[in-house]
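Below: one structure, written as structure tokens.
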Amino acid sequence: MRILVTGVAGYIGSHTALELLNAGHDVVGFDNLSNSSQESVRRVRALTGKPLRFEKLDLLDAPGLGRLLKEGFDAVVHFAALKAVGESVEKPELYRRNNVDGSANLLAAMTAANCRKLVFSSSCTVYGDVKKSPVDESHPRSAVNPYGGTKLAVEDLCFELARREKGWRVALLRYFNPIGAHESGRIGEDPRGLPNNLMPYVMQTAVGRRDKVRVWGDDYPTPDGTGVRDYIHVVDLALGHLAALNHLDEFDGAEAVNLGTGRGASVLEVIAAASKAVGHRIPYEIMPRRPGDSAAIWADPSLAKKKLGWTAARGLERMCADHWRWQKDNPNGYGA
């Protein structure tokens, strides 16, 4: 298939492009490079030995999207979005414009080009404040921050479009907490500025870029008091997108599918596993809880196994080892 990947230079986009190329697909990608580096695209080409056409393009450039889609694609995999929860609280209008209006532009361009197959990068944030895990796809949706609100809004755009127009096949992949990196250590997560997620902060501390990890709360009703999340290897996540593409014809309009391991790990368990991978203790400090953080959330991934034939294969130890290889070999990310 000829696949268009939005946000191709980003963390998950680059890993997914690599797996699509290795599976024999023809891949074209675009990114506005606001929070990513084109170096990741160059490295994907080198790792696969295959061509990957790149365009610098923004979701808000509706004419540009229209021109690109009219070249003809079998399907679109849509990652491009702003994704920092804290920043979304400070700049909700920016997030709405980029993530929601930009996605509406993409859907309009797909409609005009008669491309009706989409895999959308959604998130477990659409489940809001979860009181009980594991979480399946029937859990009520709610937004507890503007970022989660944008994911929910784009899902609604897809549900409505698929209801209104026949022929759409849309996989809304709600994934949990991606960590890890490609086993080569050549591509990985390279956040701009202060990391928003746990693992890049842990690994930047291990490599000496941060002094210690801040652990937000140790008084939750969990085994060690710290928050529990479902961490999934980014390569497993990329393979989940490939599986969704392979099964899109079986989708009835737009449907949501969780991508997770089905197991939770606490913040302190992650730090311990990362310390083992690194070979020394990673320092941390317990801080007060952050408002809005859930105590524990992990996925029920049974629908992904049933519908996509997909299950996560890599455990926490492998996730940490691969993430450390990337960080050790690229201490300053792609800017090294």
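The values are calculated or read from the model by the stated rules, or taken from the named source; none is laboratory data. Keep in mind that this is a model prediction, so the values were computed, not measured. A quick note on method: Cβ atoms are made from the backbone with ideal geometry, for glycine too, and the neighbour counts reach across all protein chains shown.
Data for the structure
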item	result
Thr261 being in contact with a strand residue (DSSP E or B) (Cβ under 6 Å, 6 or more places away or on another chain), of a type outside the set (A, V, I, L, M, F, W, C), modelled with pLDDT of 95 or more and more than 30 Å from Thr6 (Cβ to Cβ)	no
Out of Arg192, Arg174, Arg163, Arg186, sole residue that is in a strand (DSSP E or B) and either under 14 Å from the mean Cα position of the chain (by Cα) or in contact (Cβ under 8 Å) with a residue 40 or more places away in the chain (or both)	Arg174
Of the criteria (1) of a type outside the set (Ser, Thr, Tyr); (2) crowded, with 17+ Cβ neighbours inside 10 Å; (3) more than 19 Å from the chain's Cα centre (by Cα); (4) farther than 22 Å from Tyr95 by Cα, which one Pro51 fails	(2)
Criterion (of a type in the set (Gly, Ala, Ser), on the phi < 0 side of the Ramachandran plot and assigned to a helix (DSSP H, G or I)) met by exactly one of Ala313, Ala321	Ala321
Filter result for Leu303 (crowded, with 20+ Cβ neighbours inside 10 Å and on the phi < 0 side of the Ramachandran plot)	no
Test: residue in segment 276-297 that is assigned to a helix (DSSP H, G or I) and hydrophobic (A, V, I, L, M, F, W, C)	yes
Qualifying residue in segment 137-155 (condition: at positive phi and at pLDDT 95 or above)	no
Residue among Lys50, Lys83 that alone is basic (Lys, Arg), closer than 15 Å to Gly7 by Cβ and part of a loop (DSSP other than H, G, I, E, B)	Lys83
Identity of the residue in segment 54-80, in a loop (DSSP other than H, G, I, E, B), without any contact (Cβ under 8 Å) to a residue 60 or more places away in the chain and within 21 Å of the chain's Cα centre (by Cα), that ends up surrounded by the most Cβ atoms within 10 Å (Cβ to Cβ)	Leu59
All positions within segment 195-215 that are outside any helix (DSSP H, G or I) and either touching a helix residue (DSSP H, G or I) at 6+ places or on another chain (Cβ under 8 Å) or surrounded by 19 or more Cβ atoms within 10 Å (Cβ to Cβ) (or both)	Pro195, Asn196, Val207, Arg210, Asp211, Lys212, Val213, Arg214, Val215
